[in-house]
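Okay, so here's the structure we're looking at.
The values are calculated or read from the model by the stated rules, or taken from the named source; none is laboratory data. The shown structure was predicted, so the numbers you read here are calculated from the model rather than taken from an experiment. Positions of Cβ are generated from backbone atoms using ideal geometry, with glycine treated the same way; all protein chains shown enter the neighbour counts. SASA here: full protein model, heavy atoms, side chains in, ligands and nucleic acids out. Shrake-Rupley method; radii C 1.70, N 1.55, O 1.52, S 1.80 Å.
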Amino acid sequence: MKKILTMAIVALAMAFGAKAQESYAPEKGDFAVEIQVNPFSNNFTTFKLDALQGRYFFNSKDALSFGVGFGIDSKKDNDDSPQEDLWTKTTNSNLSINLGYEKHFFNYKRVDLYAGAGLGFKLNRIKETQNLGNDRKTITSNSGDSYNELVAKAFTGIDFYVYKGLYVGAEFGVKIGVKYFPGQTVKGGYHNGGWQSGWDNNYEVSKAPSSTSFVLATYAEPSLRLGWKF
């Protein structure tokens, strides 16, 4: 009995020793996917997936980071008029693409520090469609808040491995780029003076000119990154 107990203690010690020496550092060929987590959120955005974020490790120190995101949010408001069909529909669509390089320069037990640089592009469109009833056709307006953005980023971050493949991380950096606003335009047709006069289908008015702004700012990810490394 004593011999069996001794062997069990030795086996348990070896298991704990192997666990303690287990490496959490990324290795060549590892692939990771991430989502954003905000544990302090009170507006139902604890888990956020604006884009599919990921990494591919060429080796334990060098990794390619990427992100692709898109979304469409549409809302329709109806007027209560019993005589006419009046409504307004607003559609917000966006597309983002990010590509970067990471250098993982320090790894100690569960902690992994890295720095890198990358490029990002984002397209955001806000369109409003109005049905103005019997006297006018539908009018479509591209909002002046629509924009295209191209930025370059330099960043640093830290990952903490909770488990061998599971980690949480935070990131901050500086970005520089340009933001282009195509300007608001209104397109559609309208009834030009009575039912017998017919429709003017070539109605187009530019409401605001295009503009370009310069972007230079520091940034910090508003949420923690929760990732799983395969």
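Put simply, of THR140, THR156 the only residue that is within 21 Å of GLU34 (Cα to Cα), open to solvent by less than 70 Å² (accessible area, probe 1.4 Å), assigned to a strand (DSSP E or B) and at pLDDT 65 or above is THR156. Only one of the listed residues (ASN78, ASN124) is open to solvent by less than 40 Å² (accessible area, probe 1.4 Å) and without any contact (Cβ under 8 Å) to a residue 40 or more places away in the chain. That residue is ASN124. Listed by first and then second residue, the pairs linking a residue in segment 46-67 that is within 14 Å of PHE155 (Cβ to Cβ) to a residue that is modelled with pLDDT of 95 or more and of a type in the set (Asp, Glu), with Cβ atoms under 6 Å apart and 6 or more places separating them unless they lie on different chains, are ALA63/GLU102; SER65/GLU102.
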